[in-house]
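Since the structure comes first, as structure tokens, the remarks are kept for the end.
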Amino acid sequence: MTNYKAIASARTRLLLGTAAMGLTVWTAPAVAQDTGTAAQNNTAQSGLADIVVTAQKREQSLQDVPIAITAVTEETLTANRVQSVTDLSGLAPGVTVRPAAGGSSIPTFSIRGATSYGVVPGSDKQVSIYLDGVYVSSPRGSIFDLPDLQRIEVLRGPQGTLFGRNATAGAISVSTRDPTGEFSARQVFSVGNYDLFRTRTTIDTPQFGPFSAYATFVAEDRDGDIRNLGAGTVLDRSAFGFGTATSPKTLGAKDTRSFFGALKFDPGGNFTATYKFDISRDRGTPSGIATTGIDTSQLGPLAGIANSIFATRNFDVADGRKRPKAVNNAFTIPRDQKVYGHNLTMKLDVSDALSLTNIASYRKSRVSAATQLDGAGGLTFPQSAVSPVAAIFVLGANPSLGLPANAQTLAAAIAATTPLVQGYVGRPFLFIANQNFSISKQYSNELQANYQSDFLTLTVGGVYFHGKDVTGNPLGAPTNYSLVTTNGGFGANPSLILPTIAQLNTPLNQINFSGTAQNGLSRNKATSLAAYAQAEFHVTDQLDLVGGARVTNDRKSGSLLAGTTAAPTLFAFKFDDTRVNYLAGANFRPSNDILLYAKYSTAFVTGGAVADITFSPETVRSLEGGVKADLFNRKLRTNLSVYLAKYKNVQTAQGGRNLVPARNELGTVIVTQGSSKVKGFEFEATAAPVRGVTVGASVAYTDINFGSLNPQVLATVGLTTATQDAFRPTLQPKWTGSAYAQYESGPLFGDVGVSLRGDLIWRDRFRTDSNEIRNNPNYATLRFSPAQQLVNARAALTDIGLGPVKAEVALWGRNLTNEKQQTFGLIAGFISSAEYQEARTYGIDVSFRF
């Protein structure tokens, strides 16, 4: 934490007392989902305001776009404290978002039956993320704070024609605002529980000739919501270029700094150019992970060793259903991630009918993190384990010594090895932990042309993309640690993976890692060229026919240096593939306020390889129909979409140790899961019944059926083709829903007004583990994350006059009911662990506008 923390501690006690009284007085309905309301602009006469989106590469009213799209506007973003894409969960129907496990907070999306990770080096995502029209390739590069947001558009369903590859489930389009050309300044201070202190400063310049600009700086510090019993543990990783780090006092803490700036050139003609720069630095701590179950009986002859190690623990086994107050994550350290990017958008209006737009961009990200995945930190190697481990070392190197005839030689070898193992006594021991490092950078350029006439609306374009990623660790610095064996345990088959005993305070390359499972250093390059076109033929005033296509060529190459320092192995690959996506549909308007649409579309996620394990492109074919309607003089807005989609070669991350036992060093790889069919619907409604009041709700249903599954995938979870019906989709709630209510009073006394907003976000339970018949006593409790509802609220006094300054005071709360459900579950044979919903946060914002 920085020096802000001392300031926050003093202010929190004073201001939060006022916040608590204010929140008890305000009893407005607590509700959520929003298709982009602007209630403060509504009147009893005009009804709901238009929402402008760019989902089809041009500005359109939300209600004119034949896409299942939710525009999350400034009111929704503010009320729900949306500061990054990981905060979007539930704000669009059927959309679930959570940070991936591992400490780097990579957003994991679940939309329409697809779960988008993209965490394996060389793989891609099923949900593409765009920032001001720029595709963000690396999932690690999509972790950034989002100041100066204008809106976020959540597009559901395949977006392969206009948004291209890696959008089989949908796309997230983030739009920031342009400079206004009018001088203004705004300062916002926020304090809250967990010693929160946040400051945001924004300055807009006046117009200087053809130039205008603005800049925003944000700093935020907050303690975590779970105490770390392993705090103070020092990890010396200097032997591998990572330096020394200390395990933090709390987990889930924030320590971020971000800057956003924009410069616009507008000479007053038909040409404009806007340059934007963003940079974000995050030194927060990963979420707390609790050990939720231990069953060493599954380790066979290794059970005695594991029991003696667990006897050294200073933590309790947690309830997998409720967030604990404290865990031991001694191996976890604060992450260090830096993301920045440049964007230059130039637009030329050639005529009233034709415009050209060019978007050039460069982005780079750097992430370093380490996490205690099993929650079992603080364990040490005990004296009682010395002799058994010495025997494992000996027999692992020479299994023939296990024969009765070699008993004397075996005893001598164990005696000779015992002094080496004796040196481990009292040192830290890891079962399952993770550390990773990655650098990603990308260049892209997109040229678009938009043409509009009475008969034809046409969008054409070309895209160039080139990206590079370096992910992993130097050899000798394992990414994943595990005691678990791949061949069923020691005894009948002694050719097992040896236990990994990780010394945290000495160079890891001094330990015998012979035969241990390690990841190495992965390097990947990707170049993509694409051309697309989409046309709407206005056959009549009521009927449009729509057609589009995109041709994409993807070229990938890369290498993985894996194994041990003594026996490294280099795997290299090349991938070259050309794909065509297309869309065909029809739009019909029975009246000016109702749009009926139907379409058939395709999309794909590019293929590739991890080491010499190749994976095919994932494809989807989707049939969708929808109705968008503004009713009762625009007092009610309803949007309904119904869809049926079929996925093939679904890409899924699996453990490479189990897939290819002969190559235990591969770690996690991508394989294709087979096929799946998904059907469902999404419904949103927004109403403005009286002046200043806006209410809305949404509901979504998703039904997933797996077809034939890849035998490799089944093998990783102990299933066969005969038992594949026991394999179930994970992280996919069948039902989601939300509701919200908002009130804008307008001036009540002087210019002072009241703004009230409440949101309720609900999801059904979802599976955290795919194996229906896994042999683990903790499975019944941990296989589901229970249903959850989040209540967020904000109440503000607006436009308080202080001379030339306008002030605003707002009380806010997030997860007001303090939901504690598990959001991630790991069941790794003998040990299970879980992450949990972030605890209730609340506070007060004070802002000044000049």
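The values are calculated or read from the model by the stated rules, or taken from the named source; none is laboratory data. This one's a predicted model, so the numbers in the text were calculated from it and none came from an experiment. Because the Cβ atoms are built from the backbone with ideal geometry, glycine has one as well, and the counts that use them run over all protein chains shown.
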Task: Meets criteria (out of contact with any Gly (no Cβ under 6 Å at 6 or more places or on another chain), touching a residue at least 40 places away in the same chain (Cβ under 8 Å) and not small (Gly, Ala, Ser)) for Leu561 - done: no
Open item on the list: Name the single residue that is modelled with the lowest pLDDT among those in the range 55-76 being assigned to a strand (DSSP E or B) and of a type outside the set (A, V, I, L, M, F, W, C).
Closed with: Thr73
Open item on the list: If I ask for residues that are in contact with a Phe, Trp or Tyr (Cβ under 6 Å, 6 or more places away or on another chain) and either under 25 Å from Asn436 (Cα atoms) or surrounded by 22 or more Cβ atoms within 10 Å (Cβ to Cβ) (or both), which ones from the range 310-345 would you list?
Closed with: Arg323, Asn328, Val339
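Based on this model, can you work out whether Asn639 counts as among the polar types (S, T, N, Q), under 30 Å from Ala741 (Cβ atoms), in contact (Cβ under 8 Å) with a residue 40 or more places away in the chain and in contact with a Ser or Thr (Cβ under 7 Å, 6 or more places away or on another chain)?
yes
Identify all residues within the range 720-771 that are farther than 23 Å from Glu682 by Cβ, hydroxyl-bearing (Ser, Thr, Tyr) and assigned to a strand (DSSP E or B); write none if there are none. Let's see the steps before the verdict.
Start the filter on the range 720-771 by keeping residues that are farther than 23 Å from Glu682 by Cβ, which leaves 720-727, 743-756, 768-771.
Narrowing further to those that are hydroxyl-bearing (Ser, Thr, Tyr): 720-721, 723, 743, 745, 755, 768, 770.
Answer for the range 720-771, where residues must be farther than 23 Å from Glu682 by Cβ, hydroxyl-bearing (Ser, Thr, Tyr) and assigned to a strand (DSSP E or B): Tyr743, Ser755.
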TODO: Kindly indicate which of Leu826, Leu802, Leu797, Leu811 is among the aliphatic types (A, V, I, L, M) and under 23 Å from the mean Cα position of the chain (by Cα).
DONE: Leu826
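Based on this model, can you work out whether Asn581 counts as closer than 19 Å to Gly113 by Cβ, in a strand (DSSP E or B) and either more than 25 Å from the chain's Cα centre (by Cα) or of a type in the set (Gly, Ala, Ser) (or both)?
On the way: closer than 19 Å to Gly113 by Cβ: yes; in a strand (DSSP E or B): yes; either more than 25 Å from the chain's Cα centre (by Cα) or of a type in the set (Gly, Ala, Ser) (or both): yes.
Considered against the rule, which asks whether it is closer than 19 Å to Gly113 by Cβ, in a strand (DSSP E or B) and either more than 25 Å from the chain's Cα centre (by Cα) or of a type in the set (Gly, Ala, Ser) (or both), Asn581 comes out as yes.
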Open item on the list: Checking Thr552 against (1) touching a Lys or Arg at 6+ places or on another chain (Cβ under 6 Å); (2) assigned to a strand (DSSP E or B); (3) at pLDDT below 95, only one condition comes out false. Which one?
Closed with: (3)
Task: Tally, over the range 193-214, of residues that are over 13 Å from Thr180 (Cβ atoms), under 29 Å from the mean Cα position of the chain (by Cα) and of a type outside the set (Val, Ile, Thr) - done: 7
TODO: Considering every residue within the range 369-377, establish whether at least one is part of a loop (DSSP other than H, G, I, E, B) and on the phi > 0 side of the Ramachandran plot.
DONE: yes
- [ ] Test each condition in (1) surrounded by 21 or more Cβ atoms within 10 Å (Cβ to Cβ); (2) over 30 Å from Ala318 (Cβ atoms); (3) not β-branched (Val, Ile, Thr) for Phe381 and report the one that comes out false.
- [x] (2)
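Okay, residues lined up against (1) assigned to a strand (DSSP E or B); (2) crowded, with 17+ Cβ neighbours inside 10 Å; (3) polar (S, T, N, Q); (4) modelled with pLDDT of 90 or more:
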| site | (1), (2), (3), (4) |
| --- | --- |
| Asn775 | no, no, yes, no |
| Leu790 | yes, yes, no, yes |
| Ala793 | yes, yes, no, yes |
| Ala810 | yes, yes, no, yes |
| Glu819 | no, yes, no, yes |
| Gly825 | yes, yes, no, no |
| Ser832 | yes, yes, yes, no |
| Ala839 | no, yes, no, yes |
| Asp845 | yes, yes, no, yes |
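Whether any residue in the range 478-501 is part of a loop (DSSP other than H, G, I, E, B), at pLDDT 50 or above and buried (at least 17 other Cβ atoms within 10 Å of the Cβ) is what I want to check.
Within the range 478-501, none of the residues are part of a loop (DSSP other than H, G, I, E, B), at pLDDT 50 or above and buried (at least 17 other Cβ atoms within 10 Å of the Cβ).
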TODO: Return yes when Leu797 is buried (at least 18 other Cβ atoms within 10 Å of the Cβ) and in a strand (DSSP E or B) and no when it is not.
DONE: no
TODO: Would you please name the residue that is farthest from Ala100 (Cα to Cα), looking only at residues in the range 245-277 that are of a type outside the set (Val, Ile, Thr) and under 19 Å from the mean Cα position of the chain (by Cα)?
DONE: Ser258
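Just checking, which of Thr168, Thr199, Thr161, Thr216 is of a type outside the set (Asp, Glu), surrounded by fewer than 18 Cβ atoms within 10 Å (Cβ to Cβ) and in contact with a strand residue (DSSP E or B) (Cβ under 6 Å, 6 or more places away or on another chain)?
Working: Thr168 fails: surrounded by fewer than 18 Cβ atoms within 10 Å (Cβ to Cβ); Thr161 fails: surrounded by fewer than 18 Cβ atoms within 10 Å (Cβ to Cβ); Thr216 fails: surrounded by fewer than 18 Cβ atoms within 10 Å (Cβ to Cβ).
After applying the criteria, what remains is Thr199.
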Task: Positions within the range 605-624 being crowded, with 20+ Cβ neighbours inside 10 Å and of a type in the set (D, E, K, R), in sequence order - done: Glu618, Glu624
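Inspect all residues belonging to the range 558-572 and state whether any of them is closer than 30 Å to Leu644 by Cα and either in a strand (DSSP E or B) or of a type outside the set (S, T, N, Q) (or both).
no
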Open item on the list: Let me spell it out: the conditions are (1) surrounded by 14 or more Cβ atoms within 10 Å (Cβ to Cβ); (2) at pLDDT below 95; (3) within 27 Å of Ile67 (Cβ to Cβ), and Ala586 meets all of them except one. Which number is the exception?
Closed with: (2)
- [ ] Return the only residue of Arg186, Arg151 being basic (Lys, Arg), at pLDDT below 90 and either assigned to a strand (DSSP E or B) or surrounded by fewer than 24 Cβ atoms within 10 Å (Cβ to Cβ) (or both).
- [x] Arg151
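Anything in the range 625-638 that is part of a strand (DSSP E or B) and either surrounded by fewer than 16 Cβ atoms within 10 Å (Cβ to Cβ) or of a type in the set (A, V, I, L, M, F, W, C) (or both)? List them, or say none. Show your work before the answer.
Just the residues of the range 625-638 that are part of a strand (DSSP E or B), to begin with: 625-631, 636-638.
Within the range 625-638, Val627, Ala629, Leu631, Leu636 qualify.
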